[in-house]
Amino acid sequence: MSARHTGDDRLRRLLIKSTAASAAVGALCAAGLLKPTRVLAAEWGRSGFAATSLPEALKAIGAAASAESGAIVIKSVEISENGALVPCEVISSIPDTQSIAVLVERNPMPLAASLSFAEGVLPRVRLQLKMAESSRIRVVVRAGDGKTYHASREVRVTLGGCGA
Amino acid sequence: MPEPIKIRAVQQGDSTEIRILLQHPMETGLRRDQASGQKIPAHFISTFTVSAHGKVLINAQLNTSIARNPLFVFQSKGLQPGDRVRVAWSDNRGEQRADEATVVAA
């Protein structure tokens, strides 16, 4: 019961914070000080997506010192003929998983997706990646206590996805 | 006007499978036009949210390395047949699209 309450509180705080922030941004937009696309781009760039190397991307998402974990399962194909569409499924059994980040280590910009889950959503996702070349897919999971965990899986690509 | 989002939410026991197809070119910005040799500018969904009962369930941030017209599949507890699921995205050009679907029994 108490665990449920803390979860709800956390979500509520998050929502209050984001509401306040978007209200402030809205006011600035109305005043013509900010263009919506610019704001979004800045927000997006900060969270590690613009990083062009794996260490840089991991640092940006605060996962430079994550622990390897067997509680994260990555399912994908072993060999992909088409790097433009590589299916990938991630299942986390780490208690209180808050977010899952998916990185393709050798892509020009490794961080592909970052997903955060509210309470009640199962910590698993299926998605479709582009891969420039054969690479490891690394998944970083952040738990409620702020600790990060990772697992990785090699996928061979016979035709790269950057030109697709 | 962006293409509609295809959403299918199916109740499976005590959880709901939510399948989301985002119809979007997801241009990386690295590709060149065959004829002109000019770079095709990046055009991709940078964020999307999945919500129900007025609450955000999933907040996703994406990069250009997500496939064209990508499919996402999530599972959530706390939904029932008849509930509405809403998906909204915005891309790096500021275009937006939101659609809804009703959870159906398996």
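Some observations on this one:
- Listed by Cβ neighbour count within 10 Å, with the fewest neighbours leading, A:LEU127, B:LEU22 appear as A:LEU127, B:LEU22.
- Pairs with C-alpha atoms separated by more than 24 Å, drawn from the list A:LYS59/B:LYS55; B:LYS6/B:LYS77; A:LYS130/B:LYS77, are A:LYS59/B:LYS55; A:LYS130/B:LYS77.
- Between B:MET1 and B:ARG32, the simple spin-label model (points 7 angstrom out along Cα→Cβ) gives 3.7 nm.
- Segment A:52-157 gives an Rg/Rh value of 0.95, both radii derived from C-alpha positions and Rh following Kirkwood.
- Spin-label zone in segment A:134-158 - amide nitrogen under 19 Å from a point set 7 Å from the Cα of A:SER93 along the C-beta vector: A:139-144, A:148-153
- Globularity index of segment B:6-105, i.e. its alpha-carbon radius of gyration over 2.2 N^0.38 Å: 1.25
- Radius 9 Å from Cβ of B:ILE40, net charge of other residues (Lys, Arg +1; Asp, Glu -1): +1
- Local electrostatic count at A:ILE94 - Lys and Arg +1, Asp and Glu -1, tallied over other residues with Cβ under 14 Å: 0
All of the numbers you see were taken from the coordinates with simple rules; none came from a lab. Since the model is a prediction, treat every value here as computed from it, not as a measurement. Heads up, the Cβs are rebuilt from the backbone with ideal geometry, glycines too, and the neighbour counts pull from every protein chain shown.
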